[in-house]
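Structure, as structure tokens:
The values are calculated or read from the model by the stated rules, or taken from the named source; none is laboratory data. Owing to the predicted nature of the structure, the values given are computational and were not obtained by experimental measurement. With ideal geometry, Cβ positions are generated from the backbone for all residues, glycine too; neighbour counts draw on all protein chains shown.
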Amino acid sequence: MRKLFFSLLAPGIIAGSFFTSCNQPTSPPAPYGAIPSEHQLEWQKMEYYMFIHFGPNTFTNVEWGDGKEDPKVFNPTNLDCRQWASIAKDAGMKAIIITAKHHDGFCLWPSNYSTHTVRESLWKDGKGDLLRELSDACKEYGLKFGVYLSPWDQNHPAYGTPEYNQIFANTLNEVLSGYGHVFEQWFDGANGEGPNGKKQEYDWDLFHETVYKNQPHAVIFSDIGPGARWMGNERGIAGATNWSTLNVTGFGRGHAAPPQDTLNTGNRNGEAWVPAETDVSIRPGWFYSPRTNDKVKSLEHLMNIYYSSVGRNSNLLLNVPPDRRGLIHPNDSTRLMELKHSLDKEFANNLITNATITAQYTRGNSSTYNANNLINGNYDSYWTTDDDVKQAFIEISLPQPETFNRFLIQEYIPLGQRVASFSVEFWNAQTSQWELIKEATTIGYKRILRFPSVTAQKIRVNIKESLACPILNNIAIYNAPELTDSANDNLSPSKSVNGPLVLNMEKVNNITGFYYIPATNNKANHIVRYNFYTSSDGKNWKLIKENSPFNNIRNNPVRQDILLDTPVKAQYIKIEALETTMNKDTYDLIEFGPLL
Ligand code: FUL
């Protein structure tokens, strides 16, 4: 009794934790602007998970099948979803999202609404269900399960008619009701032509209703969410400024989406909470091809992607396409383990743990909101200021000087994203001055800065601009080993071409198609539409393909293999660019050649 009485009267608790000096409890800040739902917050905390592109394209060296493939091409010899799940788990990923149906319409489960499915394939004599195997494996390994379904369907005979929307909703219904909890529904914005040459007007209200009816907590991904948004490129680089808020009114998906640079940065004070997800492939293409076995991204490249996604307020959805056996290839899994090992080393030792932290201002001078909350490891305790404060600094004093090159900071997003600009400085004991380490803009759920090593005992974080009083819940500093990996990504030299591209093969060949390898640097201009010709003398040309597209080249400029309807005998081949991504006269490529 005595003890209880004493502790109730302890001045630190009464005056410090819950009350201001005039004994009034200090209320927390009101939320600012759009805020995440509980499920969006849970989703954001997952940070890193696996994308799987798998289907007929795995077997045909193409990125976009046209739906005319014989379903029998889908025949993995040794498929093992448990291998995928165990690799994802060991890699530190929290979930797997699978292409249940890509643009070719092939369903990885025996759908009742299609005749282009695993049931029509040779795999397991048509008795297999890949979604069942993968969802079971995810459960076994403690991973969440998500599905990608493309509304664009180049196989379904009803595509392009009003009936198709209900058919697509029915397929969604099958997938979302039959395989347990689905944490994310990934909607591809592509909207091309179906087998009858018609495009479909999608009924997004119906699709969303179907998702929420089956999976009320699923985060719906698309160009504009509503759960999470595409961050505008397939290179893995979210904006250095990255707001989780987006203006969505008047926008749609695909061609109706906000400009890609807006998706990359979000909108300051945007009307809805639609955080960014970075989707990128570990290989040049989204689907497996034996040709890319030696083109798995280097460790350094993947590290950069980690910092430009998770380190920039975005989740990372890393695609790891299984091979023709139905297994993740050792080149990919080795790289994933290297990445996990390196990340563990980067963030092994938080140098801030025993630091003393003070803030220029603290809300109501209350210890409920004091700067120690930044290092106590509790997500829901935070430092904040009075409502009218939009600029403030925090000072960190380490027990002794430390060398460091990483700085991690988090905003408490349940109350909105607020910080628009901040900087990190160190106290230079020699010059007795604060010196700049790095300036940055937004923070959001998580921001990680990398910089050349600094040795210092005192660090200052300046919140230079905040839309409302800043609310931060975590700061960490690390001394990461310098990356020694120098493996390159097999970047080949490219050339710029003005005018048509002509190739003399020196002799007549039986041509079944051609390949085109676009340049990979991000300033490159790519052919989007072209005419393809053949000739026996280089003077008289026969038009073989007119106004044809290179699929997905805008978002992911990888090798294109174009097959001709019927083989042609020729000595010369020619491409004439009709449309390019940047509307320039010259375009950039690595190679162009025949498929024989
Ligand atoms: C894009 C698709 O067109 C690609 O093939 C890939 O699936 C990528 C993740 O989304 O929109």
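Among residues of the range 64-104 being more than 14 Å from the ligand (Cβ to nearest atom) and of a type in the set (Lys, Arg), the one that is surrounded by the fewest Cβ atoms within 10 Å (Cβ to Cβ) is Lys68. Could you grab me the full set of residues in the range 105-161 that are under 30 Å from Gly92 (Cβ atoms) and within 16 Å of the ligand (Cβ to nearest atom)? If the condition is that a residue be under 30 Å from Gly92 (Cβ atoms) and within 16 Å of the ligand (Cβ to nearest atom), then Leu108, Gly146, Val147, Tyr148, Leu149, Ser150 are the ones that fit. Restricting the first member to the range 186-211 and to residues that are away from the ligand (no atom under 16 Å from the Cβ), and the second to residues that are in a loop (DSSP other than H, G, I, E, B) and at pLDDT 90 or above, the beta-carbon pairs closer than 6 Å and six or more apart or on different chains are Asn196/Gly160; Lys198/Gly160; Val211/Ala218.
The sole residue among Val528, Val558 that is buried (at least 20 other Cβ atoms within 10 Å of the Cβ), farther than 27 Å from Lys507 by Cα and within 16 Å of the ligand (Cβ to nearest atom) is Val558. Among the numbered conditions (1) in contact with a strand residue (DSSP E or B) (Cβ under 8 Å, 6 or more places away or on another chain); (2) within 15 Å of the ligand (Cβ to nearest atom), the only one that Ala218 does not meet is (2).
The residue that is nearest to the ligand (Cβ to nearest atom), among those in the range 270-320 that are out of contact with any helix residue (DSSP H, G or I) (no Cβ under 7 Å at 6 or more places or on another chain) and hydrophobic (A, V, I, L, M, F, W, C), is Trp286. Scanning the range 518-525 for residues that are assigned to a strand (DSSP E or B) and away from the ligand (no atom under 16 Å from the Cβ) turns up nothing. Is it true that some residue in the range 33-43 is more than 24 Å from the chain's Cα centre (by Cα), modelled with pLDDT of 95 or more and either assigned by TED's automatic domain parsing to the domain that holds Val248 or not in a helix (DSSP H, G or I) (or both)? Yes, some residue in the range 33-43 is more than 24 Å from the chain's Cα centre (by Cα), modelled with pLDDT of 95 or more and either assigned by TED's automatic domain parsing to the domain that holds Val248 or not in a helix (DSSP H, G or I) (or both).
Looking across Ile443, Ile413, Ile409, one residue alone is within 30 Å of Asn269 (Cα to Cα), in contact with a helix residue (DSSP H, G or I) (Cβ under 8 Å, 6 or more places away or on another chain) and either buried (at least 17 other Cβ atoms within 10 Å of the Cβ) or outside the structural domain of Glu47 (by TED's automatic domain parsing) (or both). It is Ile413. Quick check: anything in the range 546-553 in the same structural domain as Val502 (by TED's automatic domain parsing), more than 14 Å from Trp64 (Cβ to Cβ) and within 16 Å of the ligand (Cβ to nearest atom)? No: the range 546-553 contains no residue that is in the same structural domain as Val502 (by TED's automatic domain parsing), more than 14 Å from Trp64 (Cβ to Cβ) and within 16 Å of the ligand (Cβ to nearest atom).
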